[in-house]
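Here's the structure we're looking at; comments come further down.
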Amino acid sequence: QVQFVESGGGLVQPGGSLTLSCTASGSIFSIYTMGWYRQAPGKQRERVAIITRGGSTNYADSMKGRFTISRDNAKNMVYLQMNSLKPDDTAVYYCNTSPVNLLGWGQGTQVTVSS
């Protein structure tokens, strides 16, 4: 069973940047495809980006060119570099496997983009 703890969120102005981090417990982290997900108020949770154990990535269309997902298997960490942030990016961001592990959702980290 892998558990996740997200960090790095905060308040940022439009056009700003943030880097989110996700720590994963569990000795077999490196075999999973990992993803970042987000849930905005009143909306369903959506997938932001995924990264395979080999480093191949895929992004939701609205994040392409602005967000970068990466991982460090030796440290059991997944990162999300977010640039050119927009108010529509305001949400709670979570990491989880892909496909998701329904028991793996953590508390998430709040990202608020506002002037």
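Just a few scattered comments:
- Neighbour net charge for SER21 - beta-carbon separation under 13 angstrom, K R +1, D E -1: 0
- Rolled with a 1.4 Å probe across the full set of protein chains, the surface gives GLU46 an accessible area near 70 Å².
- Accessible area (Å², 1.4 Å probe, nearest 10) - PHE4: 10
- Accessible surface of the chain, 1.4 Å probe, proportion on carbon and sulfur as whole %: 49
- Extending 7 Å from the Cα toward the beta-carbon at both SER62 and GLN13 defines two label points whose distance is 2.3 nm.
- Accessible surface ranking for TRP105, TRP36, 1.4 angstrom probe, highest first: TRP105, TRP36.
- Accessible area (Å², 1.4 Å probe, nearest 10) - SER115: 130
- Amide H to amide H distances under 5 Å link GLY16 with LEU85, where only residues 5 or more positions off or on other chains count and H is placed in the peptide plane.
- Surface accessible to a 1.4 Å probe, per residue, for the residues of region 1-81, Å²: 54
- For the chain, the Cβ-based charge dipole about the Cα centre amounts to some 120 debye (Lys, Arg positive; Asp, Glu negative; other atoms uncharged).
- Mean sequence separation of contacting Cα pairs (under 8 Å, at least six apart), scaled by the length of the chain, corresponds to a relative contact order of 37 percent.
- Region 44-110, relative contact order [Cα under 8 Å, separation at least 6], %: 20
The values are calculated or read from the model by the stated rules, or taken from the named source; none is laboratory data. In this text, all values refer to a predicted model and were calculated from it rather than measured experimentally. Counting neighbours? That spans all protein chains shown, and the Cβs are built from the backbone with ideal geometry, glycine included. All accessible areas refer to the heavy atoms of the entire protein, side chains included, with ligands and DNA or RNA removed. Shrake-Rupley method; radii C 1.70, N 1.55, O 1.52, S 1.80 Å.
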